[in-house]
Amino acid sequence: MADYVLSEDEKYVTGQIADAFLARHQVWEPYQYPERIQAEAEKLPLGLRQFMVASRADEAAVITVSNLPVDENLVPTPASWQIAEKEGAAIREELVLLLVASLLGDPFAWSNQQNGRLVHDVCPSKGQETSLTSASSQTQLTLHTEDVFHACRGDYVALMCLRNPDGVGTTVARVDAVDLDDSVREVLHQDRFRFYPDDSHEYGTVEGTAAGLDERPHDRGAVLFGPAEFPYLRMDADFTSPLSGDTDAERAMAECAERLNASAERVVLRPGMVAFLDNYRVVHGRDVFTPRYDGTDRWLKRTSVVRDLRRTYVHTGKRSRVLA
Ligand SMILES: O=C(O)CCC(=O)C(=O)O
Ligand SMILES: [Fe+2]
């Protein structure tokens, strides 16, 4: 795991960059300024920038950065992402996340996820304890590729921790760590799978309840793709299905999911730590925990990053970083 720990000086400088940016932008509308934030990121400490560039070039599966500034007087963990949005909770931390994320590529959003915001809040919400979304707590979040259904899904998912009092683990499994028979591998490399949007995307629900998979749009493709010696992975057992009647594909998928589960490692995010999970090389999930709902709960800020937004523009036919 590639890891960088900011010195106290570097942490201070990073906080200053964020404060100066916020002072120049009276009305905080994060998605109006992503290009400016990207330019601003050139001011980040040299050591951090060199580390990020090198990790990007190596295609490091998991990149972590620790000791980023988090407000000592951080507001209580909001009860939901909707409340976080309304209150503009932890804006400075959102900016710090976007600054560091900009060193890897272009942060982007989904119009139908968390109201099109560039940075999401991940916190447990009442009534969502067993949902298949990041607002859950009392059910294991199955290992998944973020936004598995879409050709323009992120190259990285970035998770920045503001609070994690119980040390709840983020689970990570690497495609390199699974040992699959050649025959299984061959099936996984073929376009024999359907990938569906998960329940956090609004079209994953009909009148507030989860829609059946067959009522959702889907993308067809392969679970393993890219260079044979360095394969990339696309998998979310809850939202991936083999083509109907393809029992070999079904077996291959089940085997792959089982091997990934068996090889999962845990990253415990601590306040001020961000993990950039390579969404082509690892799948991730989260362990079960008991929510407190008293303002001290686990709280992450999340964004997705593509290496080059132009690939997205070509695919969607729209010059926008908010995908429909
Ligand atoms: O809560 C976590 O550690 C990860 C949740 C997750 O999968 C996500 O926010 O994309
Ligand atoms: Fe996720």
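The values are calculated or read from the model by the stated rules, or taken from the named source; none is laboratory data. Source: prediction; values computed, not measured. Positions of Cβ are backbone-derived with ideal geometry, glycine not excepted, and every protein chain shown enters the neighbour counts. Ligands, DNA and RNA are excluded from the accessible area calculation, which covers all protein heavy atoms including side chains. Shrake-Rupley method; radii C 1.70, N 1.55, O 1.52, S 1.80 Å.
Between the range 2-76 and the range 164-184, the alpha-carbon centres lie 27 Å apart. Altogether, the Stokes-Einstein calculation at 37 °C and 0.692 mPa s, with the Kirkwood radius of the chain over Cα pairs as Rh, returns a diffusion coefficient of 163 µm²/s. At full extension, Asp181 and Asp308 could sit 42.4 nm farther apart than now, given 0.36 nm per residue minus the alpha carbon distance. Between Arg319 and Ala57, residue separation times 0.36 nm minus the direct Cα-Cα distance comes to 91.7 nm. If you take the charge dipole of the chain about its Cα centre, with +1 on Lys and Arg Cβ and -1 on Asp and Glu Cβ, which of Leu269, Cys152, Leu118 is farthest toward its positive end? Checking the options against the dipole of the chain, the answer is Leu118. For the chain, modelled as a GNM whose springs connect Cα atoms under 10 angstrom apart, the maximal fluctuation among Val75, Val178, Val96 occurs at Val75.
For the chain, a Gaussian network of Cα nodes joined below 10 Å ranks Ala177, Ala79, Ala57 by mean-square fluctuation, and the top entry is Ala57. When a/c is below 1.5 the answer is rounded, else prolate if a/b is larger than b/c, else oblate, so apply that to the range 176-324 with a ≥ b ≥ c taken from the square roots of the Cα gyration tensor eigenvalues. Verdict is rounded for the range 176-324.
Here the relative contact order of the chain, from alpha carbon pairs under 8 Å that lie six or more residues apart, stands at 29 percent. Taken over the Cα atoms of the range 58-142, the convex hull encloses 137 Å³ per residue. Solvent exposure of the chain amounts to 44 Å² per residue of accessible area, where only protein heavy atoms count and the probe is 1.4 Å.
The portion of the accessible surface of the chain made up by carbon and sulfur, rounded to a whole percent, is 48 (1.4 Å probe; DNA, RNA and ligands excluded). Pairs of lysine residues in the range 2-315 that meet both criteria, 8 or more places apart or on different chains and Cα atoms under 24 Å apart, total 6. Ranked by the mean number of other Cβ atoms within 10 Å of their residues, highest first, the peptides 88-94, 289-295, 218-224 come out as 88-94, 218-224, 289-295. Counted residue by residue at 0.36 nm each, then reduced by the alpha carbon distance between them, the extension gain from Thr130 to Val75 reaches 17.2 nm.
Protection proxy ranking for 250-257, 317-324, using the average of other Cβ atoms within 10 Å per residue and placing the highest first: 250-257, 317-324.
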